1. At what distance in angstrom do the alpha carbon centres of the stretch B:17-90 and the stretch A:9-42 lie from each other?
2. Taking the stretch A:1-101, how many lysine pairs are there with alpha carbons less than 23 Å apart, if each pair must be eight or more places apart or span two chains?
3. When only alpha-carbon atoms count, how far does the protein assembly as shown stretch along each of its three principal axes, as whole angstroms with the largest first?
4. Just counting partner chain Cβ atoms within 10 Å, what average do the residues of peptide C:65-77 show around their Cβ?
5. Separation between the residue C:30 and residue A:106 pseudo-spin-labels, each 7 Å from Cα along Cα→Cβ, expressed in nm?
6. Report, in degrees rounded to the nearest 10, the 0 to 90 angle that the Cα long axis of helix A:79-109 makes with the longest principal axis of chain A.
7. If you wrap a convex hull around the C-alpha atoms of chain A and split its volume per residue, what is the figure in Å³?
8. Counting helices only, and only those DSSP H runs with n ≥ 4, report the 222 nm mean residue ellipticity of chain A as the sum of -39,500 (n - 2.57) divided by its residues, in deg cm²/dmol to the nearest 500.
Amino acid sequence: MLFFSFYKTLVGKEITVELKNDLSITGLLQSVDQFLNIKLKDIKVNEEEKYPYMISVQNCFIRGSVVRYVHLPAGDVDVETLQDHSRLEAREQKKVQQQAQQQAQQAQQK
Amino acid sequence: MDKKEEGTVEEPLDLIRLSLDERIFVKMRQDRELKGKLHAYDQHLNMILSDVEETMKVVQIDSDTGEEFIGTEKRNIKMLFVRGDGVILISPPLRTS
Amino acid sequence: MSTQTAPGASNSNAQFNFFKMCIGRPVVVKLNNGVEYRGILEVVDGNMNIVMEQTEEYLNGQLKTKYGDCFLRGNNVLYISAQPKRM
């Protein structure tokens, strides 16, 4: 959830998505969903000579699972907020796990 | 229960939480290694790192002899999102505890 | 979001007891890519994420690197083996 919210703040900004097959695509972030699937517009492929079939592509949808890295505009990233949110989410995650554990134990006792 | 959460590692992800705002070492699939300052993570080990140095092993060919050898290639990235599924190992700087 | 199986919820007791027994003791962890890690087991969770101390990385039996603390992502783990004592 943290990264989903984070990406929503970057909509309209330029990012470079590096895929697991080494293809790098730079474009404007159009939208993102909970799986971190990404829609880019006005894209440019970084080594165009190597991927000539990409020249005519202007918009694309990238499945989250094929992403290796995303290069972010450093100026648009508030690291303090991110760190706070990470800690918060870790705490919430733990609560959920403890509840699940308790339920499992209760189920066993029955 | 919540009081002791600060400094202790009671589950593996706590080690990552304690590494926030620290430079960590990350070993990735395909012989890639990252060093960078950790700013965000989630339970899948998706992360945001800053001032990243990526080292990767690549097969290079010696221009004189034509022999193949394993070289390393480095690059620097200011701000990087790393998808968790590629992560193998994370090591924080030595903890003083 | 994404409710992964919580530790203890779906794991058999045997697995959980084994992990408990190993904590604080030397273990060898082998990953799917063939790399082996030897160190003191600190903590494990239901996804087999592992934290170890004084970890040594071995590839083909040769020591490659040492880490003070290290976190191993669970999906890469092939096995965890308890060691009688530090080699």
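1. Cα centroid of the stretch B:17-90 versus Cα centroid of the stretch A:9-42: 20 Å apart.
2. 13
3. Principal extents (Cα only, largest first): 62, 50, 35 Å.
4. On the way: counts 4, 1, 7, 5, 11, 7, 16, 7, 11, 2, 6, 5, 0.
For peptide C:65-77, the averaged partner shielding equals 6.
5. So the two model labels end up 4.2 nm from each other.
6. Tilt relative to chain A: about 40 degrees.
7. 117
8. Counting only the DSSP helices, I get -12000 deg cm²/dmol.
The values are calculated or read from the model by the stated rules, or taken from the named source; none is laboratory data. For clarity, every value in this text was computed on a predicted model and none was experimentally measured. For neighbour counting, all protein chains shown are included, and Cβ atoms are generated from backbone atoms with ideal geometry for every residue, glycine included. These area figures cover heavy atoms from the full protein model, side chains too; ligands, DNA and RNA do not enter into them. Shrake-Rupley method; radii C 1.70, N 1.55, O 1.52, S 1.80 Å.
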